């Protein structure tokens, strides 16, 4: 084996960007056709289209933390700007930003969960690899 003949990497056949885009659309990271989620946040055990096993995922609290981070960084400066520029009634401001924060959180949470599961699939983490089963 020479320097140019390197062994094939395991994750060459699983590109990250397409998997993440499929996860954002809440689709199977393998085929992009089957739905990844059953309900709002429950990940299916396997893809109904291609049969890819998805039960290996370990998303846990990651999507919630990312949602809080993104929503906080978007809404806090916007709240300050609206308050300084327009001086709305405090009740109107609080009501509008509560609705906006909840709506943005509900929009982002399942999409970020899909992205996190897709990253795990693309990186072959937690048993998504070549038949390796991880025991707890």
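The values are calculated or read from the model by the stated rules, or taken from the named source; none is laboratory data. In this text, all values refer to a predicted model and were calculated from it rather than measured experimentally. No Cβ is skipped: glycine too gets one built from the backbone with ideal geometry, and neighbour counts run over all protein chains shown.
Computed quantities for the displayed model
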item	result
Every residue from segment 35-48 that is assigned to a strand (DSSP E or B) and under 15 Å from residue 128 (Cα atoms)	43, 46
One residue from 51, 32 being in a loop (DSSP other than H, G, I, E, B), modelled with pLDDT under 95, within 17 Å of the chain's Cα centre (by Cα) and more than 23 Å from residue 104 (Cα to Cα)	32
So residue 91, is it modelled with pLDDT of 95 or more and either surrounded by 15 or more Cβ atoms within 10 Å (Cβ to Cβ) or under 19 Å from residue 129 (Cβ atoms) (or both)	no
Selection within segment 54-93 - touching a helix residue (DSSP H, G or I) at 6+ places or on another chain (Cβ under 8 Å), under 20 Å from residue 27 (Cα atoms) and not in a helix (DSSP H, G or I)	54, 56, 57, 58, 59
Test: residue in segment 122-131 that is under 26 Å from residue 14 (Cα atoms) and loosely packed, with under 11 Cβ neighbours inside 10 Å	yes
Pair list, Cβ < 7 Å and 6+ apart or interchain, from segment 11-36 residues that are in contact (Cβ under 8 Å) with a residue 40 or more places away in the chain and at positive phi to residues that are buried (at least 18 other Cβ atoms within 10 Å of the Cβ) and part of a helix (DSSP H, G or I)	26/110; 26/114
Top-ranked residue of segment 13-28 - restricted to ones that are in a helix (DSSP H, G or I) and surrounded by fewer than 21 Cβ atoms within 10 Å (Cβ to Cβ), ranked as modelled with the lowest pLDDT	13
